[in-house]
Amino acid sequence: MSDKVALITGATGQDGAYLAELLLSKDYMVHGIKRRSSSFNTERVDHLYQDPHERNVRFMLHYGDMTDATNLIRIIQETQPTEIYNLAAQSHVQVSFETPEYTANADALGPLRLLEAIRILGLEKRTRFYQASTSELYGYVREIPQRETTPFYPRSPYGVAKLYGFWITTNYREAYRTNSLSAIWTRCATGATRGIMSKGCG
């Protein structure tokens, strides 16, 4: 069993593709999850793809959906990741007003399903979990720049769903001692981006 196995949800998105490239350069075995659709949407990772019948394949894609707990448990059980990066989301703010229930199902309950899979499979000590968060948690901004102590005030179904993902990640870390964290990327007054890690992550 490899010491460095990553599972990336949303692997065919921009961030997922860049992350897969980075991890492969660091000798990880990388598994990606992609949704089944009627059209191919793998352009960002086509250059990473290898025929799974070849030897020493280090990048593999699996069909999955953040709304399907059984599917996620099976993928995690089969891949035994040491790190899970949850980048999958319905991330369009305006669309979240048009599809609020689906947005909540994927963006709020999706992270919960992954965390439950880690717990059910007894991988709390093996697997580290990363929840990609968003500056939309702040919504109605109370101070600039934002800090760890800045109050959250989401103003869209997307922001509200991601806030649940943030807090359920914190809750599982504290209740079950999972090695899990959220990262919020926000923009400083200077225009530079910076990451704000959830409290207690070290």
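Read-outs throughout are calculated quantities, based only on the coordinates presented, and are distinct from any laboratory measurement. Being a predicted model, the structure only gives us computed values, none of them experimental. FYI the Cβ positions are ideal-geometry reconstructions off the backbone, even for glycines, and counts take in every protein chain you see.
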Self-check item: Long-range amide H partners of ALA11 with built H, under 5 Å
Solution: ILE33
Self-check item: Extent along principal axes [Cα atoms of segment 96-175; Å; largest to smallest]
Solution: 39, 31, 16
Quiz prompt | Cβ-derived FRET efficiency at R0 41 Å, GLN94 paired with ARG58, nearest 0.05 | solution = 0.65
Practice problem: Can you tell me how much longer the chain between GLU101 and ARG142 gets when fully stretched, taken as 0.36 nm per residue apart minus their C-alpha distance, in nm with one decimal? | Solution: 12.0 nm
